[in-house]
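The values are calculated or read from the model by the stated rules, or taken from the named source; none is laboratory data. The model shown is predicted, which means the values in this text are computed figures rather than measured ones. Cβ coordinates were reconstructed from backbone atoms using ideal geometry, including for glycine residues, and neighbour counts include every protein chain displayed. Protein only, heavy atoms only, side chains kept; ligands, DNA and RNA dropped before computing areas. Shrake-Rupley method; radii C 1.70, N 1.55, O 1.52, S 1.80 Å.
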Amino acid sequence: MKVFLAGGSGAIGRRLTPLLLSAGHRVYGLTRDAGRAEELERRGVHALVGDVYDARALRAAVASANPEVVIHQLTDLPQSADERGNAAALARNARIREEGTPHLVDAALAASAARIVSQSLAFAYAPGPEPHAEGDPLDPSRTSVIALERLTLASPPLVGTVLRFGSFYGPGTWFEEPSGNVPCHVDAAAWATLLAIEHAATGIFNIAEERGYVTTARARRELGWSPTLRVPEG
């Protein structure tokens, strides 16, 4: 299967790529950085350099890959956890969801892709009884997250899957160890993405370690996912 991975050089992208390749998929990875494109090529990915905000160029890049599945793992996060509360950093990441997602969905539709899988948040639920299941409402202040999920799930004929990830830890992330009530190892997130593709899953899935805030029963049942899954090294 041909897979277009937007965010191929990001924290999840780097862990997801070997899983996709090992499963026999042909991977086209989008990155804004030419140096990272060379790294992707060395790993067996067909690298495409582009900017999600350039709608015309993005459409051409996705069309050149002619993928069956588009994976949205784009973020614009600061390099350090110390900056995570910075207003400018938060605005950049929200912009990716609000402006970048429509461009990616439009490009997927133009390329006649069948499916899109998007990264969302498992810690964005509105206050209410816990643990939260996927049908619980999101916090209305999370407008960029809501917009991303709506476009992913309601852009026919694309079939959409939303993976609500917990707070990442592990290789390439801000943290080495889990913390808080909704952690998620980056490898477990990568596996969830592969499993969503392999099982042709649709709808929304919580992907996190269960510490009382969310339930991941649906992901365990329908995807065969576990928070203990890791990516083999080498």
Open item on the list: Checking the condition among the aliphatic types (A, V, I, L, M) and open to solvent by 30 Å² or more (accessible area, probe 1.4 Å), which residue from Val159, Val105 passes?
Closed with: Val159
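Yes or no: Val162 touching a residue at least 12 places away in the same chain (Cβ under 8 Å) and in a strand (DSSP E or B)?
Working: touching a residue at least 12 places away in the same chain (Cβ under 8 Å): yes; in a strand (DSSP E or B): yes.
The answer is yes for Val162.
Each row is one residue, and each column tells you yes or no for (1) open to solvent by less than 20 Å² (accessible area, probe 1.4 Å); (2) within 18 Å of the chain's Cα centre (by Cα); (3) among the small types (Gly, Ala, Ser).
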site: Tyr28; (1), (2), (3): no, yes, no
site: Ala37; (1), (2), (3): yes, no, yes
site: Leu48; (1), (2), (3): no, yes, no
site: Tyr53; (1), (2), (3): no, yes, no
site: Ala57; (1), (2), (3): no, no, yes
site: Ala65; (1), (2), (3): yes, no, yes
TODO: Show the residue pairs that are 6+ apart or on different chains and have beta-carbon atoms under 8 Å apart, the first residue being within the range 170-185 and of a type in the set (Asp, Glu), the second being part of a loop (DSSP other than H, G, I, E, B).
DONE: Glu176/Gly170
Open item on the list: Take Gly172 and tell me if it is in a strand (DSSP E or B) and touching a helix residue (DSSP H, G or I) at 6+ places or on another chain (Cβ under 7 Å).
Closed with: no
Task: Counted residues, the range 113-144 - those being in a helix (DSSP H, G or I) and farther than 23 Å from Cys184 by Cα - done: 0
TODO: Any chance you could count how many residues in the range 136-156 are in contact (Cβ under 8 Å) with a residue 24 or more places away in the chain and surrounded by fewer than 15 Cβ atoms within 10 Å (Cβ to Cβ)?
DONE: 1
- [ ] Scan the range 183-195 for residues that are open to solvent by less than 10 Å² (accessible area, probe 1.4 Å) and either in contact with an Asp or Glu (Cβ under 9 Å, 6 or more places away or on another chain) or not in a helix (DSSP H, G or I) (or both) and report the count.
- [x] 3
- [ ] Within the range 108-133, work out how many residues are more than 28 Å from Val52 (Cβ to Cβ), crowded, with 22+ Cβ neighbours inside 10 Å and small (Gly, Ala, Ser).
- [x] 0
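From the list Ala108, Ala147, Ala63, Ala88, pick out the single residue that is at pLDDT below 95 and in a helix (DSSP H, G or I).
Working: Ala108 fails: at pLDDT below 95; Ala147 fails: at pLDDT below 95; Ala63 fails: at pLDDT below 95.
The unique qualifying residue is Ala88.
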- [ ] Of all residues in the range 198-234, count the ones that are open to solvent by 10 Å² or more (accessible area, probe 1.4 Å), in contact (Cβ under 8 Å) with a residue 40 or more places away in the chain and either outside any loop (DSSP other than H, G, I, E, B) or closer than 21 Å to Glu130 by Cβ (or both).
- [x] 11
